[in-house]
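*Asks:* Here it is, the structure, as structure tokens.
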Amino acid sequence: MKQSKRALIWRFLKPYAWIFALTLALSMANTVLGSLTPQVVRVAVDSILGGEALPEVVTALLPASVTQARPMTQLLCAAAFLLAVAVLSGLCTYGSRMGTAKGSESFVKSLRDALYRHIQRLPYAWHVEHSTGEIIQRCTSDVEVVRNFVTNQLLEVCRTVFLVGFSLAVMFSMNWRTSLIALGFLPVILLYSAFFYSKIAKRFLTADEAEGELSAAVQENLTGVRVVRAFGREKFEVERFDKKNERFASLWIRLGRLMSAYWGIGDLITNLQILTVICVGVVQTVNGEITLGEFLAFVSYNQSLVWPVRGLGRILSEMSKAGVSIDRLAYILDSEPEQEPENAQTPPMDQDIVFDHVSFSYGEQSVLRDVSFTIEAGKTFAILGGTGSGKSTLMHLLDRLYDLPPESGSITVGGVDISQISRPYLRRSIGMVLQEPFLFSRSIRENIAAVRPGASMEEIRRQAGTAHVDEAILEFSDGYDTIVGERGVTLSGGQKQRVAIARTLMQDAPVLIFDDSLSAVDAETDAQIRASLHDAKGSATVILISHRVTTLMQADRILVLQDGRVAELGTHEELLALGGIYRETYDIQTAAADRELLLEEEGGESDGNGI
């Protein structure tokens, strides 16, 4: 259900509303305390130093010993009162600052937690449609904008409105004519600030986008550092960065020029208002319409009034940015998460897996067309097919990374449709190794034990040995404590795949899927790993996907996909005898292997002859 902006903010603000209310109350109290200083100055100038009678409110609140004391004593009492006001004001400031910090951090923590938890439950298809950078930006920059809106802009608007109302009330009680003059400038200052920032917001957006492009260029360069070095593209990358950096700098210079004009013109209007009030006040003071103390107090109130109003225009304009960020966060929180079926089942997974007339499309692109086959429990099942034939899609459907649309066939395990099986249970029961495995930027030991954090070192090494990566790991200076760089950059492609295999074996799942996960290792290591897996798999059902016939030929059954359809299905010998796609692929790869072997032998003879 789509949430309104107000509902979204209130959802996370409600538990901490009392903190913000207390913060606002302390801030308003601070404003009231600040208004006392001009009144003390007024009394000191007019009554204590000027000889006029003390105001009735002062004589009513203070004892006669103070109101009838000598001027010096009264000045000392006024100074003591100002000191007490300063102490109370400091305490209010401390309390409001602490309340803002506690409230803002609590608010933003709950918002981040909700975003992260919700993202974890969103379908795989949602993640495919949205880039990582975009998601991170929403969860960092946009969250910060919303936090700034709630804890600074919203509170500042409330505080400024109270300050304006309170100050104007005091000013009108002192001199309504001059107050009208002061008030007349306020809409001009407010509208000027709002209009200017509405124009400048577009420049801010363009500059922010340029900053995003600059950051993306740096991230892409650092992530693809191997490719940059391998192809000698350093000069090209530097020139590309310089262009983006030049554009970014020029945009901010233009923005700075615009901001300078805003502050310059704004200072002119603001100072013109202050000057007008002072001039009118001086004339009234000379004419005896107001006292000198009233004039000084009035100017002080006007000073404290005009600058917050100017800032209020900026705050109101910047709130539009918060509206955009709230919408971007609401989009994530409103996205439909994966749903668990009612009475989700957890059947034994060591059963036959049946694909029955399965069809699937990515949008308008059809990938699988009426695919039917059975994977017998405890057997090794292999899938061969060209790029885009739907091999990986079959496994994504089995793992419910994608759900089959209605009337598009079914996938069952032991007769139970996987749509009725608990997703967490299903995925825990299926160990999957992808062609391009992802390794965390942690130690090799932590990566292997990711699915079983409490596993012993003996178990970790045993599974690494099965994946034929134990010896390679021990060759590192830190062994299993070697830190894997970002995206596994410390390891070679084959080592990453073997570490991923070891991690999957740690899962001890009844179904194991190897999606072209041996593509980066040589044929000999491929054979050794397959032999080890055959001995270690026990009763697990193994599904192999590969472009190498040698990787698949020992499987109990081999499925050949072509254009999303089942082209051939049988054992290695049956498919060879069939003389179809499998036989053609086998002959091509065998001939290529023979040619490589012949070249190696010729190379050895040449070395021996000293050529």
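Taken together, the values in this text are just the output of simple stated rules run on the coordinates, not laboratory data. Nothing here was measured: the structure is a model prediction, and the numbers come from that model. All Cβ positions, even for glycine, are placed from backbone atoms using ideal geometry, and neighbour counts span all protein chains on display.
*Asks:* Among all the lysines, which ones have a C-alpha under 27 Å from Lys244's C-alpha, if same-chain residues fewer than 8 places away are not counted?
*Replies:* Partners within reach: Lys199, Lys202, Lys235, Lys321.
*Asks:* Using a Förster distance of 56 angstrom, determine the FRET efficiency expected from the C-beta separation of Val225 and Gln303, and round it to 0.05.
*Replies:* Working from the Cβ atoms, E equals 0.50.
*Asks:* Now, a different point. Give me the angle, in degrees from 0 to 90, between the Cα long axis of helix 523-536 and the longest principal axis of the Cα atoms of the chain, rounded to the nearest 10.
*Replies:* 90 degrees
*Asks:* Here's another thing I want to ask about it. Give, as ranges by residue number, the residues of the stretch 159-183 whose backbone N falls under 18 Å from the point 7 Å along Cα→Cβ of Val283.
*Replies:* 175-183
*Asks:* Further question on the same structure: Give me the angle, in degrees from 0 to 90, between the Cα long axis of helix 155-174 and the longest principal axis of the Cα atoms of the chain, rounded to the nearest 10.
*Replies:* 10 degrees
*Asks:* Any chance you could run the full-extension gain for Glu211 through Ser361? It's 0.36 nm times the residue separation minus the Cα-Cα distance, nm to one decimal.
*Replies:* Stretched out fully, the Glu211 to Ser361 stretch lengthens by 50.3 nm.
*Asks:* Assuming 0.36 nm per residue, please report the length gained on full extension of the stretch Val218 to Val238 beyond their Cα-Cα distance.
*Replies:* 6.2 nm
*Asks:* May I ask you to sort Ser47, Ser477, Ser366 by Cβ crowding, counting other Cβ atoms within 10 Å and putting the fewest first?
*Replies:* Going from least to most buried by this count: Ser477, Ser366, Ser47.
*Asks:* Lysines near Lys391 by alpha-carbon distance under 24 Å, same-chain residues fewer than 8 away left out - which ones?
*Replies:* Qualifying lysines at Cα under 24 Å: Lys379, Lys496, Lys537.
*Asks:* For the pair Thr387 and Glu573, what calculated FRET efficiency results from E = 1/(1 + (r/R0)^6), where r is the Cβ-Cβ distance and R0 = 30 Å, to the nearest 0.05?
*Replies:* The value I calculate is 0.70.
*Asks:* Further question on the same structure: Place a +1 charge on the Cβ of each Lys and Arg in the chain and a -1 charge on the Cβ of each Asp and Glu, then give the dipole magnitude about the Cα centre in debye, rounded to the nearest 20.
*Replies:* About 3900 debye.
*Asks:* Glu376 to Gln420: FRET efficiency via 1/(1 + (r/R0)^6), r the Cβ-Cβ distance, R0 35 Å, to the nearest 0.05?
*Replies:* According to the calculation, E is roughly 0.95.
*Asks:* Using modelled amide H (1.01 Å from N, peptide plane; none on Pro or chain starts), what sits under 5 Å from the amide H of Leu384, excluding residues fewer than 5 places away?
*Replies:* When sequence neighbours closer than 5 places are left aside, the close amide H contacts are Leu559, Val560, Leu561.
*Asks:* Another question, then. With every atom except the alpha carbons ignored, what do you get for Rg and Dmax of the chain, in angstroms?
*Replies:* Reported Rg and Dmax, both Å: 37.4, 123.
*Asks:* If you rank Arg328, Arg565 by fewest surrounding Cβ atoms within 10 Å, what's the result?
*Replies:* Ascending Cβ contact count within 10 Å gives the list Arg565, Arg328.
*Asks:* Express the Stokes-Einstein translational diffusion coefficient of the stretch 5-334 in µm² s⁻¹, to the nearest whole number, given a Kirkwood radius over alpha-carbon pairs, 37 °C and a viscosity of 0.692 mPa s.
*Replies:* Roughly 136 µm²/s, to the nearest whole number.
*Asks:* Let me ask something else. Residue by residue, what Karplus-based ³J(HN,Hα) values in Hz, rounded to whole numbers, does the stretch 379-390 have, using 6.51, -1.76 and 1.60 with θ = phi - 60° and x for Gly and Pro?
*Replies:* 3J(HN,Hα) across the stretch 379-390, in whole Hz: 9, 9, 10, 10, 10, 10, x, x, 4, x, 7, x.
*Asks:* In what order do His127, His396 fall by count of nearby beta-carbon atoms within 10 Å, going from fewest to most?
*Replies:* Going from least to most buried by this count: His127, His396.
*Asks:* Can you pull the one-decimal nm distance between simple spin-label points at Leu180 and Ala527, each 7 Å off the Cα toward Cβ?
*Replies:* 10.3 nm
*Asks:* Just to be sure I understand the model, the point goes 7 Å from the Cα along the line to the Cβ. What's the resulting Asp563 to Glu336 distance in nm?
*Replies:* Simple spin-label model gives 3.3 nm for this pair.
*Asks:* Then there's this: When the label point is put 7 Å from the Cα of His118 along its Cα-to-beta-carbon vector, which residues of the stretch 141-167 have a backbone N closer than 19 Å?
*Replies:* Counting backbone N atoms under 19 Å from the label point, the list is 141-151.
*Asks:* Under 19 Å between alpha carbons, and skipping anything fewer than 8 positions from Lys102 in its own chain: which lysines qualify?
*Replies:* Reachable lysines: Lys14.
*Asks:* Extending each Cα 7 Å along its Cβ direction at Val32 and Thr590, get the distance between those two points in nm, one decimal.
*Replies:* Modelled inter-label distance: 9.6 nm.
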